């Protein structure tokens, strides 16, 4: 017998946890650095994989099966940003890089 969340990717598990916390697609998109449409696609995939028909069922499923907040995936390697960035820009870079190294690299390129 498989574990309750084996069918989900690490990112889908993270999104499911945020759904269980009552987050909207917009809030999830902002937190993870995704477009709302991408989050909507992830939610649809999670609904299909778990056989649920709505977000309330997903939240109940996550709670029932004790989905816990863990680090669901390891971010890719983070390239060192240019040294001439100010402290605030570096902090923003590192926050973005945790979720999307490619987006972080684009931000740095735009800032330099």
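Screening 88, 57 for residues that are over 19 Å from the mean Cα position of the chain (by Cα), at pLDDT 90 or above and in a helix (DSSP H, G or I) leaves exactly one candidate, 57. Scanning region 5-26 for residues that are over 18 Å from residue 49 (Cβ atoms) and surrounded by 14 or more Cβ atoms within 10 Å (Cβ to Cβ) turns up just one, 23. Between 44, 38, which is under 12 Å from residue 11 (Cα atoms) and either modelled with pLDDT of 90 or more or surrounded by 13 or more Cβ atoms within 10 Å (Cβ to Cβ) (or both)? When all the criteria are applied, what remains is 38.
Looking across region 27-39, the residues that are part of a helix (DSSP H, G or I) and either on the phi > 0 side of the Ramachandran plot or touching a helix residue (DSSP H, G or I) at 6+ places or on another chain (Cβ under 6 Å) (or both) come down to 28, 29, 32, 36, 39. Among the residues of region 8-26, those that are in a loop (DSSP other than H, G, I, E, B) and under 13 Å from residue 62 (Cα atoms) comprise 8, 21, 22.
The values are calculated or read from the model by the stated rules, or taken from the named source; none is laboratory data. Not measured: the values here are computed from a predicted model. Positions of Cβ are backbone-derived with ideal geometry, glycine not excepted, and every protein chain shown enters the neighbour counts.
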